[in-house]
Amino acid sequence: MTAGSTLGGDRVVRLQVRVPVQLHRMLEACAERSGLSTVGLVRVLLEEALAASPETVSEALKSRRGPADLVSLSALVASEHAIKLYELVMPGGSRQSHEARGLAFGAAEQRLEDVRAQLEEGR
């Protein structure tokens, strides 16, 4: 680690970390989807993992997510299960479900934008 400049008024330290190529690819892809640089994503992940001042690695890795996240994950698993069943039952189901996923993803993004706009109007 080497001492560096300041970031937001705080003194920063440069930390060089080697990661496997596959992990780096996953970081880059997630960062791109999130609109962050890879370094920015790593900072966010570190801050989130260490926010509760854990004393051990296992404490840092425990989920701080709430019941709503569990409900969301359950809904996602259920929808994926339904898609897989559709693919198994319908002729050409795999091709059709791929197309439907794209449409569903676009509709979900639009719905999120609508909700965000409504929340902003309510402020």
Residue pairs, Cβ under 7 Å, 6 or more apart or interchain, first in segment 1-20 and at pLDDT below 85, second of a type in the set (Gly, Ala, Ser). List them. VAL12/GLY4; VAL12/SER5
Does segment 61-74 contain any residue that is surrounded by 11 or more Cβ atoms within 10 Å (Cβ to Cβ), within 30 Å of VAL12 (Cα to Cα) and out of contact with any Asp or Glu (no Cβ under 9 Å at 6 or more places or on another chain)? yes
Given the criterion of a type in the set (Ser, Thr, Tyr) and in a helix (DSSP H, G or I), identify the matching residue among SER53, SER72. SER72
Of these, ALA52, ALA82, which one is under 28 Å from LEU27 (Cβ atoms), modelled with pLDDT of 75 or more, surrounded by 10 or more Cβ atoms within 10 Å (Cβ to Cβ) and over 19 Å from the mean Cα position of the chain (by Cα)? ALA52
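The values are calculated or read from the model by the stated rules, or taken from the named source; none is laboratory data. Just so you know, these numbers come straight off a predicted model, no measurement behind them. All Cβ positions, glycine included, derive from the backbone under ideal geometry; neighbour counts span all protein chains shown.
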